[in-house]
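The block underneath contains the structure these notes are about, expressed in structure tokens.
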Amino acid sequence: MARYIFVTGGVVSSLGKGLSSASLAYLLQSRGFKVRLRKLDPYLNVDPGTMSPFQHGEVFVTDDGAETDLDLGHYERFSGVLAKKSDNITTGKIYNDVLRKERKGKYLGKTVQVIPHITDRIKEFIKNDSSKEDFIICEIGGIVGDIESLPFVEAIRQFANDIGKKNVLFIHLTLVPYLKSSDEIKTKPTQHSVKELRSIGIQPDIIICRSERPIPLEHRKKISLFCNVHIKNVIETVDVKTIYEAPISFSKEKLDVQVLNYFNLRSKKVVNLNPWKKITQIILKTKKQINIAIIGKYVELKDAYKSLDEALIHGGIENKVKINLVRIDSEKLKKNEIKSRLKGISGILIPGGFGKRGTDGKIEAIKYARKNKIPFLGICYGMQMAIIEFARNVLNLKKATSSEFNKNGLPVIGLINEWNKDGKVIKGTDKELGGTMRLGSYEAKLKENSMIKKIYGKKMIEERHRHRYEVNINFKDRFEKKGMIFSGLSPDDTLPEIIELKNHPWFIGVQFHPEFKSRPLSPHPLFSSFIKASKNYK
Ligand code: GLN
């Protein structure tokens with residue numbers, strides 16, 4: 001039977017619950033155990049798909065087509081375990097499911113209540129779709145004390161009671177602040193947070209203390225005493241220079257050892273930290289730096305392009321070069337400023353996006369990259385904008401546009417109404433916005449002798465998608481005559497997946513999101529190649 005590890009947070013948000021869970025997953029896996037990671041999100045959106053990245057950061061997409069919280073990206077990148085639809089749920093989805101069941105009369109006349117109906121649905125999520133995992137690590141979004149996360153905490157309390165406390169471990173992550181003025185480390189917020197957790201029935205077994213500086217033994221003792229946790233289970237996590245140090249630092253603190261001790265389990269293998277040590281060394285030692293511009297709409301919020309930032313850094317690790325990400329707001333990028341704003345930039349990346357706002361700036365930047373032979377990578381919307389730029393400025397189709405933002409132009413980019421997946425035709429709809437896109441992993445066929453085939457080193461690839469619009473295949477010949485090659489197509493030859501330019505050192509657009517599959521320990525070939533080209537550019 002699987003053992004369950006629940007990770008809650010206290011004091012403030014953004015302490016790195018996701019990263020802690022992901023690091024623990026790596027350590028347990030490295031010791032020979034099978035691990036799965038899950039997340040419960042407290043907001044009312046049914047999934048994060050309709051939320052602006054400004055609100056909650058990037059929407060991470062899984063192979064099986066779920067739009068999920070960005071923490072699932074951390075989980076995949078650190079543990080290598082592919083996340084699934086069944087690994088992320090929100091309060092909105094839980095209520096949605098319960099209310100639908102109620103409308104169908106499935107509760108047989110009972111009064112439908114938070115306890116037991118909502119909590120039962122939460123418990124069902126925690127357990128469902130597991131297959132011989134040794135551990136299921138389940139992160140609870142938000143912090144303890146929030147009204148929103150209360151039903152989750154109640155559900156995990158019940159869960160431990162249902163399956164036996166010895167099969168369940170509670171980890172609580174808190175902040176241990178350092179006060180500069182008095183040169184002191186403070187344990188009180190942790191004590192209060194644990195008090196709050198205990199008041200709703202949960203005694204943590206392990207406390208992870210996030211701190212700016214090492215926590216002296218005497219303070220650990222205090223936390224141990226006041227929070228009723230064994231001193232060995234007071235684990236510190238001090239700010240690291242790079243996030244790839246996190247598994248190393250948790251291993252030093254023996255987090256994984258304490259987890260195994262709790263469950264009375266013996267390690268099956270010796271933990272291997274070498275890959276993390278290796279990349280940490282590369283990151284800390286690398287001196288050469290290049291500037292990569294990300295030109296998009298959501299540049300103000302750091303987490304809006306999380307997987308993308310990560311994938312670029314992975315490409316940097318592979319090429320032993322530091323990546324300085326220069327975020328440029330496409331809405332504020334004026335035509336006459338392009339040259340000066342892009343001075344010193346070695347590579348230009350236009351990420352995914354939605355809606356008209358900021359498209360002019362993107363198109364101008366693409367034109368600049370094309371003409372000046374600056375390495376260019378267009379992702380999803382970025383590829384669509386590259387198509388529009390080429391149509392307008394090379395094919396002289398001045399009215400070329402996407403029907404996403406102009407219904408009266410020439411739609412070189414148009415709405416997809418149906419597509420093939422696993423031999424089945426899937427119909428899209430534009431009535432509801434949530435969950436109606438081409439989502440998840442699809443195959444693409446790469447053209448012989450193309451740059452992209454050289455990069456991937458194989459003919460068929462699988463990448464994750466998240467879009468409603470598609471490059472209109474009917475324009476293919478016209479584009480190809482002028483030097484833009486459609487070098488990747490869907491297996492049935494109807495949907496353009498990749499474009500590249502003949503007379504350009506590195507100009508590629510992809511309809512999918514390669515960034516979701518890049519990992520620090522195995523950088524994505526497309527990003528490695530893009531960074532290599534950018535490194536050689538200047
Ligand atoms: N807005 C575009 C579409 O829906 C692109 C989406 C994206 O970049 N992820 O097709």
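The values are calculated or read from the model by the stated rules, or taken from the named source; none is laboratory data. Everything quoted here is computed from the prediction, not taken from an experiment. FYI the Cβ positions are ideal-geometry reconstructions off the backbone, even for glycines, and counts take in every protein chain you see.
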**Item:** Within the range 297-312, tally of residues that are closer than 15 Å to Arg357 by Cβ, among the aliphatic types (A, V, I, L, M) and in contact with a Pro (Cβ under 8 Å, 6 or more places away or on another chain)
**Value:** 1
**Request:** Could you check Glu124 against (1) among the acidic types (Asp, Glu); (2) surrounded by fewer than 15 Cβ atoms within 10 Å (Cβ to Cβ); (3) farther than 30 Å from Asp256 by Cβ and say which number it fails?
**Result:** (3)
**Fill in**
Flagged in the range 235-248 as within 21 Å of His314 (Cβ to Cβ) and either touching a residue at least 24 places away in the same chain (Cβ under 8 Å) or surrounded by 22 or more Cβ atoms within 10 Å (Cβ to Cβ) (or both), in numbering order, are Lys241, Thr242, Ile243, Tyr244, Glu245, Ala246, Pro247, Ile248
**Residue list for the range 359-380, filter: within 12 Å of the ligand (Cβ to nearest atom) and touching a Ser or Thr at 6+ places or on another chain (Cβ under 6 Å)** = Lys362
**Request:** Return the pairs, sorted by first residue and then second, in which the second residue is among the acidic types (Asp, Glu) and surrounded by 12 or more Cβ atoms within 10 Å (Cβ to Cβ), the first residue lies in the range 84-113 and is free of Cβ contacts under 8 Å to residues at least 24 places away in the same chain, the beta carbons are less than 6 Å apart, and the residues are 6+ apart or on different chains.
**Result:** Lys85/Asp64; Val112/Glu102
**Request:** Please list, ordered by first then second residue, the pairs with beta carbon atoms under 9 Å, 6 or more apart or interchain, first in the range 337-356 and of a type in the set (Ser, Thr, Tyr), second away from the ligand (no atom under 16 Å from the Cβ) and assigned to a loop (DSSP other than H, G, I, E, B).
**Result:** Ser346/Ile374; Ser346/Pro375; Ser346/Lys538
**Prompt:** Quick one: which of Glu470, Glu497 is at pLDDT below 95 and buried (at least 21 other Cβ atoms within 10 Å of the Cβ)?
**Reply:** Glu470
**Prompt:** Does any residue of the range 151-169 turn out to be surrounded by 17 or more Cβ atoms within 10 Å (Cβ to Cβ) and part of a loop (DSSP other than H, G, I, E, B)?
**Reply:** no
**Message:** Can you tell me which condition Glu337 does not meet? The list is (1) more than 26 Å from Thr242 (Cβ to Cβ); (2) in contact with a helix residue (DSSP H, G or I) (Cβ under 7 Å, 6 or more places away or on another chain), and all the others hold.
**Reply:** (2)
**Request:** Could you please tell me which pairs satisfy a Cβ distance under 6 Å, a separation of 6+ or placement on different chains, a first residue in the range 258-270 that is more than 14 Å from Asn167 (Cβ to Cβ), and a second residue that is modelled with pLDDT of 95 or more and surrounded by fewer than 14 Cβ atoms within 10 Å (Cβ to Cβ)?
**Result:** Lys268/Gly32; Lys269/Gly32
**Residues (away from the ligand (no atom under 16 Å from the Cβ), in contact with a helix residue (DSSP H, G or I) (Cβ under 6 Å, 6 or more places away or on another chain) and assigned to a strand (DSSP E or B)) located in the range 497-518** = Glu500
**Request:** Go through the range 214-265 and give me each residue that's touching a Ser or Thr at 6+ places or on another chain (Cβ under 7 Å), part of a helix (DSSP H, G or I) and of a type in the set (S, T, N, Q).
**Result:** Ser249
**Request:** Look at Lys343 and say whether it is modelled with pLDDT under 95, farther than 24 Å from Gly483 by Cβ, away from the ligand (no atom under 15 Å from the Cβ) and not in a helix (DSSP H, G or I).
**Result:** yes
**Complete:** When the range 321-357 is checked residue by residue, the ones that are in contact with a Pro (Cβ under 8 Å, 6 or more places away or on another chain) and under 18 Å from Tyr381 (Cα atoms) are Gly347, Ile348
**Request:** Of all residues in the range 346-358, count the ones that are away from the ligand (no atom under 13 Å from the Cβ) and at pLDDT below 95.
**Result:** 0
**Request:** For the range 1-89, please list each of the helices (runs of 4 or more DSSP H) lying entirely inside it that holds at least 1 residues being closer than 22 Å to Ser193 by Cβ, under 15 Å from the mean Cα position of the chain (by Cα) and among the polar types (S, T, N, Q).
**Result:** 17-30
**Request:** Residues being over 19 Å from Thr242 (Cα atoms) and assigned to a strand (DSSP E or B): count how many of those fall in the range 296-329.
**Result:** 4
**Prompt:** Has the range 181-203 got at least one residue that is closer than 15 Å to Tyr4 by Cβ and in contact (Cβ under 8 Å) with a residue 40 or more places away in the chain?
**Reply:** yes
**Request:** Kindly check whether there is at least one residue in the range 129-136 that is part of a strand (DSSP E or B), under 24 Å from the mean Cα position of the chain (by Cα) and either touching a residue at least 60 places away in the same chain (Cβ under 8 Å) or buried (at least 21 other Cβ atoms within 10 Å of the Cβ) (or both).
**Result:** yes
